[in-house]
Structures are given as structure tokens and as C-alpha cells.
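Undergrad: Have a look at the structure that comes next, please.
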Amino acid sequence: MQDLTPGPAARARFPIFEHTTYANSCSQGALSLDVRRAYEEYLAGWDEHGAEWEHWVQRAEAARSAFARLVGAAAEEIAVTTSVSQAVSALVSALPLERGRNRIVISEFEFPTVGQIAHAQELRGAEIVHVRPASDGRIPLELFAEAIDEHTALVCCTAISYRTGYRLDVPGVARLARESGALVLADSYQAAGAVPLDVRALGVDLLTAGTVKYLLASAGLAFMYVRCDLHERLLPTQTGWFADEDIFRMDISDYSPSDTARRFDSGTPPVPNIYAGIAGMGIVESAGVGAIEAHVAGLVDRLLAGLAEVDAHVATPTGSGELGPLVCVTSSDPDALVRALAGERIVTSSRDANLRISLHLYNVEEDVDRIVDALSRHRHLLT
Ligand SMILES: Cc1ncc(COP(=O)(O)O)c(C=O)c1O
């Protein structure tokens, strides 16, 4: 077994670091030797055996179990989907949105897909309530409390904001939702693989994430946790044959979905992405999410100290428990700053008026120092 201790040992599995300082895991995790090999294995099996359907379906189940372990759930509580969008669309299709309980509360930090899917439900009579952050970039629980009431069917919150890196008090939001009899969904795409997630400790009913970012794989694979006692109650009308109680019965006489979270699956599973996803999640599991979080927290501290020295304004709230792997810095021209850094082979990204710097198990102190050095040279693009 490879040594995947966060830092230099893990970094050796990611060839990009031979020539580039990669700090863009919030957008796409770096490619590892393991994920490349997983794709090759998929192609070799296809080439050798033709249609390996039995094996491919087993791989989908292995991915379901791997994600379940990452979030402290049972495999029966996990849906395998091609995107968070597909998962959330299936979920909202299962909400009755009956009179008196037709509100969907969304935070302003939701990824566009969640906000857009919520607003699409207006066509079915839903009312969408936005929870906007305070001027300091935080969303205190009081703001959720004002928005959630006995008319709320679903509360959508985001564990870590893709826009600012702000880490929300998800257990607090879940508590408020529960008190009002509403379901709570925590979109944890920016958290999975970077910070420990335990669905029971979070108290959420639903949780989504995909493999593109800190789970270190590629596009086309996502998951949704659905708490076991909700399966019977939530009957999705957006569905597909892989959600059926007996996939291979090929029965078109009725709708009889699985009695597990698999009822939120859809069509043919995304087999190549599943190979990659298992490899990516395998790295995270072997390294240990707790060890990754601790390693990255050390790098983030160093980054914040460096940013203070170059007088950069940090947009991410930095209170206790508010930081994850993503630190955002305000810029007068974030796109120009991303380009300037790219010119020095430092890969970052931007959202709104912010430069996004995100760190993962493969980053080391020298990466942080290179980024801070480069920012001091491009100080004119900071605000
Ligand atoms: C918080 C969050 N949610 C969802 C997504 C993507 O969703 P989907 O899998 O539907 O593309 C992203 C991707 O950038 C994200 O950052």
C-alpha cells in the first residue's frame, strides 16, 4: 500500500506538482496516478471482456459503499447519481409541496444548481425564501431561524461556500429545520474529502457531494445521502430504471422503486467515472479525512499569516470553526490575478470579486510560500 500521509508522501502520487503549484481543488482535484490507472483498468476490462455489466454494476455498489463510509452512513442510504443536480432534482420531485408546507429555504451560498432547481419548483406551487449573509460574510443561525417556519418543506444549506470558503454551522441549521418539521439538505461538495462529515452528528436528512473536487476524481459522479427512515416517505417522480426495485426485471407495467436510497438513482451508471471515483475516494480514505483536515489547517494558518504580511484582504470569515480548505482574497480584478498567477504556474480560480486559493492533502508549505510571494509581486491587483 502506498504511503498517503498528507504532505510530501501523498504529493508524490500527483504528477502535476512536478511543474505546477496547484491550489484549485475547489474547482477540480488534481489527477493522481491512481485515478489514471483506474481509467486504464476500465478500458482494459472493456477491451478484454466486452460488456462487463455484472462487474460494472458491482463497481457502482463499491462506489456507493465508499461514499457511505466517508459520511458515516449505510450504503442503503446513498444514491449514486451523475451530478448533484440530478440528485437534488430527484429529491425535490419527491416533495409533495402541499398547501401549507410549500416553502423551500435556500441560503445565498447555494451552488447555482440548487437555487435554480428550487426556483423551478415555483412551477409546482413552491415559494422560495432566500437567507442572505450578514455584511461580514457570515450567515448566523438567527437569519435561518427568521426564514424557517411551519410552512417550510425543505431547507437547503451549503457546508462550505464555493464563493467565499465560509463554513456554515450545519448542525445548527439542521436543528432549526427539525424544530419546524422541515427536511434539511446539506450540499457538501466543497467539504467532502476535506473535512470530516458524519451525517448523524450533523443531524441532516439529506447530504450531497460529488467526486470532482476534494474527492480527487473527475466529472460525472455524485452521491446523495437520504436518511433511512425517509425512504418510504419520499417517492421521486424523476426516476429511471436503475432506481427500480429489481433493475433487471425490465418491467414496464408499473412504478416500483427500490425501498432504499437507490430510488434516487437514475439510468445507466456512469461507469468510467465510477472507476475514477473509487480510486479518488480510496486516496482520501487511506490518508484519512481527519489527517487531511489537520494538514490543511496548518497550511491555511501559514497562508493567512502570509496574506496579512502582504496586506491582502481575506474575504473568508476566519473565526473558530469557520474555515475549511478554501481561502478567498479580494481583488480589484480577480480574473487578471488568476491569469498573472497562472503565468507563474500557480493554478487558482476566482468567484465574484475573490481569488480562490484552495489547499488539499498534496499541498505543502512551499506552495503556500510561492503563492504569497507571487501575490506580493501582484499587489496592485489586491484590494
Ligand atoms: C457546492 C457545490 N455544489 C454543487 C456543485 C456541482 O453540482 P453538479 O454535480 O450538479 O455539477 C459544485 C461544483 O462546483 C459545488 O461547488
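The values are calculated or read from the model by the stated rules, or taken from the named source; none is laboratory data. Quick caveat, the model's predicted, so the values are computed rather than measured. We place every Cβ from the backbone using ideal geometry, glycine too, and count neighbours over all the protein chains shown.
Undergrad: Mind counting the residues in the range 174-205 that are on the phi < 0 side of the Ramachandran plot and either within 15 Å of the ligand (Cβ to nearest atom) or not assigned by TED's automatic domain parsing to the domain that holds Cys228 (or both)?
TA: Summing the residues that are on the phi < 0 side of the Ramachandran plot and either within 15 Å of the ligand (Cβ to nearest atom) or not assigned by TED's automatic domain parsing to the domain that holds Cys228 (or both) in the range 174-205 gives 12.
Undergrad: Still on this structure, please answer the following. Given the criteria away from the ligand (no atom under 16 Å from the Cβ) and either buried (at least 20 other Cβ atoms within 10 Å of the Cβ) or in the same structural domain as His360 (by TED's automatic domain parsing) (or both), does Ile292 qualify?
TA: So Ile292 passes the test.
Undergrad: Something else about it: Is at least one residue of the range 201-211 touching a residue at least 40 places away in the same chain (Cβ under 8 Å), assigned to a loop (DSSP other than H, G, I, E, B), crowded, with 24+ Cβ neighbours inside 10 Å and not acidic (Asp, Glu)?
TA: Scanning the range 201-211, I find at least one residue that is touching a residue at least 40 places away in the same chain (Cβ under 8 Å), assigned to a loop (DSSP other than H, G, I, E, B), crowded, with 24+ Cβ neighbours inside 10 Å and not acidic (Asp, Glu), so the answer is yes.
Undergrad: Considering (1) closer than 28 Å to His380 by Cα; (2) assigned to a helix (DSSP H, G or I), say which one Leu323 fails and leave the rest.
TA: Here Leu323 meets the rest and fails (2).
Undergrad: Continuing with the same structure: Pairs under 7 Å by beta carbon, first residue outside any helix (DSSP H, G or I) in the range 135-146, partner of a type in the set (Ser, Thr, Tyr), six or more apart or different chains?
TA: Gly137/Thr164; Gly137/Tyr166; Arg138/Tyr166; Ile139/Ser107
Undergrad: State whether the residues of the range 153-160 include one that is away from the ligand (no atom under 13 Å from the Cβ), in the same structural domain as Tyr214 (by TED's automatic domain parsing) and surrounded by fewer than 18 Cβ atoms within 10 Å (Cβ to Cβ).
TA: no
Undergrad: Follow-up. Based on this model, can you work out whether Val129 counts as in contact (Cβ under 8 Å) with a residue 40 or more places away in the chain and either surrounded by 20 or more Cβ atoms within 10 Å (Cβ to Cβ) or in contact with a strand residue (DSSP E or B) (Cβ under 8 Å, 6 or more places away or on another chain) (or both)?
TA: no
Undergrad: Just give me the residues in the range 94-118 being away from the ligand (no atom under 15 Å from the Cβ) and either within 16 Å of the chain's Cα centre (by Cα) or modelled with pLDDT of 95 or more (or both), in sequence order.
TA: Ala94, Leu95, Arg101, Asn102, Arg103, Ile104, Val105
To keep it simple, each residue is scored yes or no on (1) assigned to a loop (DSSP other than H, G, I, E, B); (2) free of Cβ contacts under 8 Å to residues at least 60 places away in the same chain; (3) crowded, with 19+ Cβ neighbours inside 10 Å.
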residue	(1), (2), (3)
Arg356	no, no, yes
Val368	no, no, yes
Ala374	no, yes, yes
His380	no, yes, no
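Undergrad: Scan the range 206-241 for residues that are within 13 Å of the ligand (Cβ to nearest atom) and among the small types (Gly, Ala, Ser) and jot them down.
TA: Residues satisfying the conditions are Ala209, Gly210, Ala217, Ser218, Ala219, Gly220, Ala222.
Undergrad: Now for a different question. So Pro196 ticks every box in (1) assigned to a loop (DSSP other than H, G, I, E, B); (2) out of contact with any Asp or Glu (no Cβ under 8 Å at 6 or more places or on another chain); (3) of a type outside the set (Ser, Thr, Tyr) but one. Which box is left unticked?
TA: With respect to (1) assigned to a loop (DSSP other than H, G, I, E, B); (2) out of contact with any Asp or Glu (no Cβ under 8 Å at 6 or more places or on another chain); (3) of a type outside the set (Ser, Thr, Tyr), Pro196 is out only on (2).
Undergrad: Do the conditions hold for Ile128, that is, is it assigned by TED's automatic domain parsing to the domain that holds Leu70, assigned to a loop (DSSP other than H, G, I, E, B) and farther than 23 Å from Ala261 by Cα?
TA: No: the conditions fail for Ile128.
Undergrad: Ok, one more. Going by what's in this entry, would Glu150 be described as without any contact (Cβ under 8 Å) to a residue 12 or more places away in the chain, over 30 Å from Arg64 (Cα atoms) and surrounded by fewer than 22 Cβ atoms within 10 Å (Cβ to Cβ)?
TA: In short, no.
Undergrad: Would you confirm whether any residue within the range 270-278 is modelled with pLDDT of 95 or more, closer than 28 Å to Ser218 by Cβ and part of a loop (DSSP other than H, G, I, E, B)?
TA: Yes; the residues of the range 270-278 include at least one that is modelled with pLDDT of 95 or more, closer than 28 Å to Ser218 by Cβ and part of a loop (DSSP other than H, G, I, E, B).
Undergrad: Given the criterion more than 25 Å from Leu216 (Cβ to Cβ), small (Gly, Ala, Ser), in contact (Cβ under 8 Å) with a residue 24 or more places away in the chain and surrounded by fewer than 22 Cβ atoms within 10 Å (Cβ to Cβ), identify the matching residue among Ala312, Ala336.
TA: Ala336
Undergrad: Out of (1) modelled with pLDDT of 95 or more; (2) of a type outside the set (Gly, Ala, Ser); (3) out of contact with any Cys (no Cβ under 7 Å at 6 or more places or on another chain), the odd one out for Lys213 is which?
TA: Unmet condition: (3).
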